[in-house]
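Notes follow once the structure below has been shown.
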Amino acid sequence: MKDFIKTEIESLDIKIENARAAVTKMEQSQIDERDKKTYEVLRAKISDWVTKRDRLLDLVISQVKSNGKL
């Protein structure tokens, strides 16, 4: 379970980093209607991924606290 959570958090970190880079690049250029939709989808996905990552981190922290290893 620990390895799964660790791998999932790392995967989400990579997705978030890549999406943020794409969003930044889009913000620096002219956005047409098609790109605007992609931009909005990426922003929503970033929000979802950050929320999921935060929940996983909270789970890890609560497990560590309950085991007395913090």
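The values are calculated or read from the model by the stated rules, or taken from the named source; none is laboratory data. These numbers were taken from a predicted model, which means no experiment stands behind them. Backbone-built Cβ (ideal geometry, glycine too); neighbour counts: all protein chains shown.
Can you tell me which of (1) modelled with pLDDT of 90 or more; (2) farther than 20 Å from Leu12 by Cβ is the one Val41 doesn't meet?
Result: Val41 passes all but (2).
Which of the residues belonging to segment 1-52 are among the basic types (Lys, Arg) and within 30 Å of Val64 (Cβ to Cβ)?
Lys2, Lys6, Lys15, Arg20, Lys45, Lys52
Mind checking which pairs have a first residue in segment 52-70 that is over 18 Å from Phe4 (Cβ atoms) and surrounded by fewer than 10 Cβ atoms within 10 Å (Cβ to Cβ) and a second that is of a type outside the set (A, V, I, L, M, F, W, C) and modelled with pLDDT under 95, Cβ under 9 Å, 6 or more apart or different chains?
Close Cβ pairs (under 9 Å, with a partner that is of a type outside the set (A, V, I, L, M, F, W, C) and modelled with pLDDT under 95) amount to Lys69/Gln63.
What pairs can you find where one residue is in segment 1-20 and closer than 13 Å to Leu42 by Cα and surrounded by 12 or more Cβ atoms within 10 Å (Cβ to Cβ), the other is at pLDDT 95 or above and not charged (D, E, K, R), and their Cβ atoms are less than 7 Å apart, with a gap of 6+ or different chains?
Cβ pairs passing all conditions: Lys15/Trp49; Ile16/Ile46; Ile16/Trp49; Ile16/Val50; Ala19/Leu42; Ala19/Ile46; Arg20/Ile46.
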